[in-house]
Amino acid sequence: MKLYTMNAPPNPRKVDLLLKVKELDINDIHNLQVINVDIGKNEQNSPEFLAVNPLGLLPVLVLDDGTVLNDSHAICEYLDSRLAGNGKQVMGSDPIQRAKITAMSRNAEFHVLYNMMLAFQHGHPSLASVGNQVPGMAEESINRVKKALPYFDKLLSSHKYLLGDRLTFADIVLYVGLDFGRVMKFNPKDASVVGDHVARFYAQMNERFGKK
């Protein structure tokens, strides 16, 4: 297998954190070749990478039979089911668990991570010359996140994690979204902004998975 990735962007980070929950070293997994694609050097638009994924997006997992998975959720599903690690099934071990985790993951992705990525796309100075930034879109996207956070704060008021006391893929997605917001000066540690329970959740996740 070949995994094309980069450790900074949100979607590749989902894969990295899933493997960490399973207590696996991404660079020491049998039959997995990790290929780092430097988006700072525009390597995702090189002819070599576009031949693998014409969309020019990361991450991408190429299986031994040539099958190409170019969606982070699909890659995590595959690796979670195929790699034993510590035996934990981060995305669920039965149909009901998987359905609940998928639903909550999509909620976290759509309402938090996706909007943080939109805010970055339309508001970060580094992208001003790359594409068309819509005025006001960054602020609107951040406001959408703030509007959704009470929902997650209520869920976390009675549990350590979103779906109980066991960390799942949904928690990874929410954490990645909150953490990515920092590039837009969004403070996930500020309880007055994100809520007491979301702030506590972020702190505990960041203690474990934050970049040292």
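The values are calculated or read from the model by the stated rules, or taken from the named source; none is laboratory data. Just so it is clear, the structure is predicted and the values come from calculations on it, not from any experiment. We place every Cβ from the backbone using ideal geometry, glycine too, and count neighbours over all the protein chains shown. The area values use the complete protein model at the heavy-atom level, side chains included, leaving out ligands, DNA and RNA. Shrake-Rupley method; radii C 1.70, N 1.55, O 1.52, S 1.80 Å.
GNM remark for the chain: springs join alpha carbons under 10 Å apart, and the peak mean-square fluctuation among His122, His111, His73 falls on His122.
By accessible area, using a 1.4 Å probe on protein heavy atoms only, the chain has 53% of its surface on carbon and sulfur. In percent, rounded to a whole number, the relative contact order of the chain is 19, using alpha-carbon pairs under 8 Å and six or more apart. For segment 115-210, the relative contact order works out to 27 percent when only alpha carbon pairs closer than 8 Å and six or more residues apart are counted.
Given the rule -39500 (n - 2.57) for each run of at least 4 DSSP H residues, summed and divided by the residues of the chain, what is its mean residue ellipticity at 222 nm, to the nearest 500 deg cm²/dmol? The helix contribution divided over the chain gives -14500 deg cm²/dmol. Computed from backbone phi with θ = phi - 60° and the Karplus coefficients 6.51, -1.76 and 1.60, the 3J(HN,Hα) list for segment 32-40 is 10, 9, 8, 10, 7, 10, 8, 6, x Hz; x is used for glycine and proline. Among beta bridges identified by DSSP and lying wholly in the chain, the antiparallel ones come to about 60 percent.
Rolling a 1.4 Å probe across the protein heavy atoms gives the chain an accessible surface of 52 Å² per residue. Computed 3J(HN,Hα) for segment 195-204, one whole-Hz value per residue from the Karplus formula 6.51 cos²θ - 1.76 cosθ + 1.60 where θ = phi - 60°, is x, 4, 7, 5, 4, 5, 4, 4, 4, 6, glycine and proline marked x. For a straight C-alpha distance cut-off of 25 angstrom, the lysines reachable from Lys154 (same-chain residues fewer than eight places away being disregarded) are Lys14, Lys100, Lys146, Lys185, Lys189. For Cα extents along the principal axes in Å, the value computed from the atomic coordinates appears in the list (1) 66, 41, 32; (2) 48, 45, 32; (3) 127, 53, 38 under label (2). Which residues in segment 1-29 have a backbone N closer than 19 Å to a point placed 7 Å from the Cα of Ile39 along the Cα-to-Cβ line? Residues 3-19 fall inside that zone. Rolling a 1.4 Å probe over the protein heavy atoms leaves Ser192 with an accessible area of roughly 100 Å².
Considering only alpha-carbon pairs that sit under 8 angstrom and 6 or more positions apart, the relative contact order computed for segment 18-82 is 20 percent.
Ordering Ser158, Ser129 by accessible surface, largest first, gives Ser129, Ser158; the 1.4 Å probe counts only protein heavy atoms, with every chain in place.
Once you reduce segment 26-96 and segment 173-212 to the center of their Cα atoms, the two points are 25 Å from each other. Note on the chain: dipole from Cβ charges, positive end direction compared against Ser157, Asn115, Val176; the farthest Cα belongs to Ser157.
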